[in-house]
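Presented below is the structure to which this report refers.
Just so it is clear, none of the values below were taken in a lab; they were calculated from the coordinates. Just so it is clear, the model here is predicted, and its values are computed rather than measured. So basically every Cβ, Gly included, is an ideal-geometry build from the backbone, and we count neighbours across all protein chains shown.
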Amino acid sequence: MNKRRPYVRSMDGWWRKNPFFVEYMIHEGTALFVAAYAGILLNGLVHLSQGEAAWNVWLLGLKSSWYIGFHVLTLIALGYHTYTWFKIMPRTMPPVVVGGQRLSAWAITGSGLAVAAAAMAALLGLVWGMAR
Amino acid sequence: MSDNQKVIEIEVLRYHPEKDKEPHKQVFEVPFTDDMSVLQGVQYIKDYLDGSLSFRWSCRMAICGSCGMMINGEPSLSCQTFLRDYYPARVRVEALSHFPIERDLVINMEGFMEKLESIQPYIIPKEPRTLQEGEYLQTPEQLNEYEQFSSCINCLLCYAACPQFGLNSSFIGPAATALLHRYNVDSRDGGKAERMELINSEEGVFNCTAVGYCSEVCPKHVDPANAVNQNKTISAADYFLRFLTPKGGAK
């Protein structure tokens, strides 16, 4: 008789078993904030299409302290989302060779973050200029 | 044994299929010196405390890839992990995660062997070549394309680090994909089209959600996550470009 009886361990709660997986779930979870914020902006667009009165109702809603608190939380979540997104980027792309040398992971992550920061500053500047 | 001999507790997850319904923990007190690896600690248990303890090992110098275990929950080669780094706390050892346990610290790796075979881990020449035509020539740049991925020692730590493999064992997984990529980007090889069918399949690279832990635990700096994710791009490009340049034979 075959005495082999391989034992398969359960995967229940796998993401709690290693700090690396916990961090993974947190940074994946920040995507929910990205989706929620896209929903808020989309809602604003719908209100805008319904005329000035509806648009002002939406603007007024944004001024509630709950909404401002949510915005602060979302800003933190999106900041972390951006950081982790660029942190994994070197693992997801073909090697970049500059002058015969392979670009280091941190150079790629750093460039990504710099571009994201520049894009954010440009967008802020544009909106600021339009609002004046 | 001298009076100042240090003793560390090693907790081992035991499983004997003949008598155990499920694995259970057993703690051993192991005298050790600062130069002893976890593997040597486990060998001490087998030699002096309990001869029935089963585990795989061979080279003791991180080349053979046999002695992978979960050490305090992290996939590690036990020959290059040292007891002194855990002392005075207890060190926990367990068979590699996500694989069936055959016995004690020995996993069943048949599934991986089948995957390894399926990727055709050898050069498939572009065209037949006679001995008279001489050797294949390759530039250092062409070598750089695949060299990192050829360092894989099949230790399976990356599979123990991959929750997607744990949830779906049919996923071809990090090491097999890294080796597949190693041959696909070799300038001497002509087997890419055959191997891409595996990359594009249900078992292929899109099971990966870029957790990235596989590359963190790799003792040979292969970066299997990079091989998997590069092939997602190649696979997606292959899928969409066929609308522009019909090649026929798409499955």
Of the listed links B:K192/B:K220; B:K126/B:K220; B:K115/B:K192; A:K17/B:K19; B:K6/B:K220; B:K192/B:K232, those spanning more than 26 angstrom between alpha carbons are B:K126/B:K220; A:K17/B:K19; B:K6/B:K220
Rounded to the angstrom and largest first, Cα extents along the principal axes for the protein assembly as shown equal 84, 67, 47
Net charge (Lys, Arg +1; Asp, Glu -1) of residues whose beta-carbon lies under 11 Å from that of B:C67, B:C67 excluded, is +2
Scaled by the rule-of-thumb 2.2 N^0.38 Å, the alpha carbon Rg for the stretch A:70-130 gives a ratio of 1.41
Rounded to one decimal in nm, the spacing of the 7 Å Cα→Cβ label points at B:I63 and A:A54 is 7.3
Here FRET efficiency (C-beta to C-beta, B:Y48 to A:K3, R₀ 30 Å, nearest 0.05) is 0.70
Per the 1/(1 + (r/R0)^6) rule, R0 = 35 Å and r from the Cβ atoms of A:A31 and A:S111, FRET efficiency to 0.05 is 0.95
Across all Cα atoms of the stretch B:30-102, Rg and the largest Cα-Cα distance (Dmax), in Å, are 11.7, 33
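I want the local charge near B:R129. Using Cβ-Cβ distances under 14 Å, sum +1 for each Lys or Arg and -1 for each Asp or Glu among the other residues.
-2
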The Rg/Rh figure for the stretch A:32-76, Cα atoms and Kirkwood Rh, to two decimals is 1.01
About its Cα centre, the stretch B:110-241 carries a charge dipole, from +1 on Lys and Arg Cβ atoms and -1 on Asp and Glu Cβ atoms, whose size in debye to the nearest 20 is 160
Each residue of A:88-99 has, on average, a number of other protein chain C-beta atoms within 10 Å of its C-beta equal to 5
Taking 0.36 nm per residue of separation between B:V27 and B:Q120 and subtracting their Cα-Cα distance, the length gained on full extension comes to 29.2 nm
Scaled by the rule-of-thumb 2.2 N^0.38 Å, the alpha carbon Rg for the stretch B:1-63 gives a ratio of 1.25
Measuring from its Cα centre, the protein assembly as shown shows a charge dipole (+1 at each Lys and Arg Cβ, -1 at each Asp and Glu Cβ) which, in debye to the nearest 20, is 640
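Over chain B, what lengths in whole Å, largest first, do the semi-axes of the equivalent ellipsoid take, defined as the square roots of 5 times the eigenvalues of the alpha-carbon gyration tensor?
Values: eigenvalues 339, 81, 47 Å².
After diagonalising the Cα gyration tensor, the semi-axes are 41, 20, 15 Å.
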Over all pairs of different Cα atoms in the stretch B:115-193, the reciprocal of the mean inverse distance gives a Kirkwood radius in Å of 14.1
Once both label points are put 7 Å beyond Cα along the C-beta direction, the A:K17-B:Y136 separation in nm becomes 3.9
Taking only the Cα positions of the stretch B:114-251, the convex hull volume per residue in Å³ is 130
Once both label points are put 7 Å beyond Cα along the C-beta direction, the B:F243-A:L123 separation in nm becomes 2.7
Chain B: longest segment with zero exposed GluC sites (Glu not before Pro), where exposed means DSSP loop plus at most 16 other C-beta atoms within 10 Å, is residues B:19-134
With +1 at each Lys and Arg Cβ and -1 at each Asp and Glu Cβ, the charge dipole magnitude of the stretch B:1-138 around its Cα centre, to the nearest 20 debye, comes out at 100
Here Rg/Rh (Cα, Kirkwood) for chain A equals 1.17
Between the residues B:V211, B:P174, B:S235, the Cα farthest towards the positive end of the dipole of the stretch B:110-241, that dipole coming from +1 and -1 charges on the beta-carbon of Lys, Arg, Asp and Glu, is from B:V211
From fewest to most C-beta neighbours within 10 Å, the residues B:I123, B:I172, B:I234 line up as B:I123, B:I234, B:I172
